[in-house]
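Visitor: I'd like to ask some things about the structure below.
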Amino acid sequence: MKTLLQAESVEAKLRETAGLKTQFDVFRFMKRLSEDYGARAFMVLNLPPVTSLTLSSTTVITSLPAELIAAYDKEGLLAASPVLKRLRESALPFSFNMEDVTKEHGSNESEKLFRRYGLLRGAHFPVQDGTGLRGSVALAGENLVFDLQQMMELNYIAIHVYETLAQIRSVTVRATDTLTERELDCLNWTAAGKTSAEIAEILGLSEHTVNHYLNRAAKKLDTVNRTQAVAKALRTGLIK
């Protein structure tokens with residue numbers, strides 16, 4: 001198996017996480033990390049409340065096939081998951097294999113589903129962000145087994161990944177709470193290449209009012225002009 005130490009240092013990976021600005025950036029980072037460690041898929045999830053019934057509602061980002069998650073939720077497999085039970089009871093990283101899940105669960109439905117996609121073994125790395133929100137970063141593959149050194153590397157990286165996602169979420173929530181619908185409209189049309197005069201015609205406003213909205217949005221986003229405001233809004237996912 002190709003290890004991260006062979007590809008690049010853990011320190012380099014941690015420096016990279018510090019520069020990730022959007023969930024999509026984190027997604028691409030995790031895809032590369034998965035490949036470095038020989039994994040087929042990854043998942044970052046928030047630890048769901050006991051009343052949660054679906055994996056999809058707890059997932060932050062993942063490369064698991066959408067069909068797998070849909071089938072998992074349709075069968076209602078989350079509530080009785082031994083893996084989820086362990087995540088709730090312990091903050092220690094652990095390896096898993098679906099044969100053991102079948103033994104603990106008393107049903108082979110999860111094993112059959114994950115076997116179909118070649119995701120029978122992997123590891124979970126419990127994490128917690130600065131607000132106290134708990135979650136997990138997981139890697140999975142067909143015959144994926146990490147040694148102690150790899151477990152330590154991945155555990156350290158997982159902490160940084162989860163905190164980075166928390167910071168991205170915090171920026172997005174703060175901006176979403178303060179930007180008005182009109183300000184977001186003006187940013188969206190600016191991102192589409194429209195001038196203030198064109199935006200004014202589209203939205204039925206005066207050009208002066210459009211400029212006012214854009215200047216106010218730039219200030220709220222802590223940027224110096226509309227170009228930077230649009231770039232930051234795109235980076236944080238406020239506009240598409």
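Each reported figure results from applying straightforward, stated rules to the coordinates on display, with no laboratory input. Model, not experiment: these values are computed from the prediction. With ideal geometry, Cβ positions are generated from the backbone for all residues, glycine too; neighbour counts draw on all protein chains shown.
Visitor: Using beta carbons and a limit of 7 Å, which pairs, at least six apart or on different chains, have the first residue in the stretch 21-49 and closer than 23 Å to residue 143 by Cβ and the second one aromatic (Phe, Trp, Tyr) and buried (at least 17 other Cβ atoms within 10 Å of the Cβ)?
Guide: Hits for this filter: 30/42; 34/42; 44/162.
Visitor: Taking the options 67, 16, name whichever one is within 17 Å of the chain's Cα centre (by Cα) and either more than 28 Å from residue 148 (Cβ to Cβ) or surrounded by 14 or more Cβ atoms within 10 Å (Cβ to Cβ) (or both). Please lay out each step first, then the result.
Guide: Details: 67 fails: within 17 Å of the chain's Cα centre (by Cα).
None of the other options fit; the residue is 16.
Results for (1) within 15 Å of residue 178 (Cβ to Cβ); (2) in contact with a Pro (Cβ under 8 Å, 6 or more places away or on another chain); (3) part of a loop (DSSP other than H, G, I, E, B), shown as yes or no for each residue.
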{"site": "201", "(1), (2), (3)": "no, no, no"}
{"site": "210", "(1), (2), (3)": "no, no, no"}
{"site": "214", "(1), (2), (3)": "yes, no, no"}
{"site": "223", "(1), (2), (3)": "yes, no, yes"}
{"site": "234", "(1), (2), (3)": "no, no, no"}
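Visitor: In the set 76, 132, which member is within 19 Å of the chain's Cα centre (by Cα), in a loop (DSSP other than H, G, I, E, B) and either more than 21 Å from residue 47 (Cβ to Cβ) or among the small types (Gly, Ala, Ser) (or both)?
Guide: 132
Visitor: What is the residue count in the stretch 199-240 for residues that are among the hydroxyl-bearing types (Ser, Thr, Tyr) and under 33 Å from the mean Cα position of the chain (by Cα)?
Guide: Of the residues in the stretch 199-240, the ones among the hydroxyl-bearing types (Ser, Thr, Tyr) are 206, 209, 213, 223, 227, 236.
With under 33 Å from the mean Cα position of the chain (by Cα) added as a condition, the list becomes 213, 223, 227, 236.
Of the residues in the stretch 199-240, 4 are among the hydroxyl-bearing types (Ser, Thr, Tyr) and under 33 Å from the mean Cα position of the chain (by Cα).
Visitor: If you don't mind, another one. Does residue 124 fit the bill of being in contact (Cβ under 8 Å) with a residue 12 or more places away in the chain, assigned to a strand (DSSP E or B) and under 24 Å from residue 23 (Cα atoms)?
Guide: Judged against the criteria, residue 124 is a match.
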